[in-house]
Amino acid sequence: MADDFSFEIQKELGVVSEGKGGWQLELNLVSWSNRPAKYDLRSWAPQHEKMGKGLTLTQQDLIALRKLLDSLPEAQG
């Protein structure tokens, strides 16, 4: 039995990088299947008609990730 799948990008927060064919790795606030929106990091086709695999984070997860990233030494080279 297949579940109904839907999504709504409630807010486009930013583009991390751009790849082949105009696909972009984006951070967005997305509601999946009419659930409360979460932060979502994944690649999207130019008009958001297709998506790649991604990572969905709660606000608490995003805050913890930011703290972790801020604690890392700056990249060399």
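The values are calculated or read from the model by the stated rules, or taken from the named source; none is laboratory data. On a predicted model such as this, the values are computed, not experimentally measured, just so you know. FYI the Cβ positions are ideal-geometry reconstructions off the backbone, even for glycines, and counts take in every protein chain you see. Accessible surface is based on the protein model in full, side chains and every heavy atom, while ligands, DNA and RNA are left aside. Shrake-Rupley method; radii C 1.70, N 1.55, O 1.52, S 1.80 Å.
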If the cut-off is a Cα-Cα distance under 21 Å, which lysines reach Lys20, setting aside same-chain residues fewer than 8 apart in sequence? Lys50, Lys53
So what is the calculated 222 nm ellipticity per residue for the chain, using -39500 (n - 2.57) for each DSSP H run with n of 4 or more, over all residues, to the nearest 500 deg cm²/dmol? -5500 deg cm²/dmol
Portion, in percent, of the accessible area of the chain that falls on carbon or sulfur, probe 1.4 Å: 52
Would you mind counting up the charge near Trp44? Only other residues with Cβ under 12 Å from its Cβ, with Lys and Arg at +1 and Asp and Glu at -1. -2
Using only the alpha-carbon atoms, how far is helix 59-71 inclined from the longest principal axis of the chain? Give it as 0 to 90 degrees, nearest 10. 20
Compare the Cα positions of Thr58, Pro73, Trp44 along the charge dipole of the chain (+1 at Cβ of Lys, Arg; -1 at Cβ of Asp, Glu; about the Cα centre) and return the one farthest towards the positive end. Pro73
Would you please give the FRET efficiency between Leu68 and Val15, computed as 1/(1 + (r/R0)^6) with r the Cβ-Cβ distance and R0 = 30 Å, to the nearest 0.05? 0.85
Taking the Cα centre as origin and putting +1 on Lys and Arg beta-carbons and -1 on Asp and Glu beta-carbons, what dipole magnitude results for the chain, to the nearest 20 debye? 100
Can you tell me the accessible area per residue over the chain, all protein chains present, probe 1.4 angstrom, in square angstrom? 82
Given 25 °C and 0.890 mPa s, compute D for the chain with the Stokes-Einstein relation, Rh being the Kirkwood radius over Cα pairs; round to the nearest whole µm²/s. 176
